[in-house]
């Protein structure tokens, strides 16, 4: 019977052989291919929440579509027309199909359609609107560039609902508005929160336009 070769005389594996063995071991222990996209998908930061405020509608108005500058047959012509639009997704970047985006705000003179505000709001201004999100996650409103009221900086209230549950309540601010630094709710936000909730209202042919992406935990 031949004598076994002493260990120190055994052939040493080449660098190439070691690399091949290492790659094989990694492949054997790696996650299945169908899990790879999910593991690699970055997580988006949820849009910061803020207080609902005192003027959410007691009852939703009969006219509550996307166009807040028309209330029934009346047209609101004060202030500066604005388009507010964006995409609603979850933290994986997937559109939240079927969710409802709601906005409400004061008119140009600073009044809400709410009993607590004394009924002084202009009846031509709808003041509240809601739209359902489709498969692409997009939403869009025609409204008023927000105006200040009662010491608050200009803002638009935003709520996202799905299957009767609130996913998010927050506020949208105008980038560069001098009232932001004096606003107690805006100042409470950290740098990332201010960036997420403060967007430019850019002049366009049919009014100013603001793009506000919304990310929710869904």
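The values are calculated or read from the model by the stated rules, or taken from the named source; none is laboratory data. Bear in mind the structure is a predicted one, so any value in this text is a computation, not a measurement. Every residue, glycine among them, receives a Cβ derived from its backbone with ideal geometry; neighbour counts consider all protein chains shown.
Quick rundown of the values:
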| read-out | value |
| --- | --- |
| Qualifying residue in the range 108-125 (condition: in contact (Cβ under 8 Å) with a residue 12 or more places away in the chain, buried (at least 21 other Cβ atoms within 10 Å of the Cβ) and within 22 Å of the chain's Cα centre (by Cα)) | no |
| Options 163, 206: the member that is out of contact with any strand residue (DSSP E or B) (no Cβ under 6 Å at 6 or more places or on another chain), in the same structural domain as residue 90 (by TED's automatic domain parsing) and on the phi < 0 side of the Ramachandran plot | 206 |
| Qualifying residue in the range 157-175 (condition: farther than 27 Å from residue 217 by Cα and at pLDDT 95 or above) | no |
| Residue count, the range 164-201 (criterion: in a loop (DSSP other than H, G, I, E, B) and either surrounded by 13 or more Cβ atoms within 10 Å (Cβ to Cβ) or without any contact (Cβ under 8 Å) to a residue 12 or more places away in the chain (or both)) | 9 |
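One line per residue, one yes/no per condition, for (1) surrounded by 13 or more Cβ atoms within 10 Å (Cβ to Cβ); (2) modelled with pLDDT of 95 or more; (3) in contact with a strand residue (DSSP E or B) (Cβ under 6 Å, 6 or more places away or on another chain); (4) under 27 Å from residue 148 (Cβ atoms):
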residue	(1), (2), (3), (4)
59	no, no, no, yes
67	yes, yes, yes, yes
71	yes, yes, no, yes
82	yes, yes, yes, yes
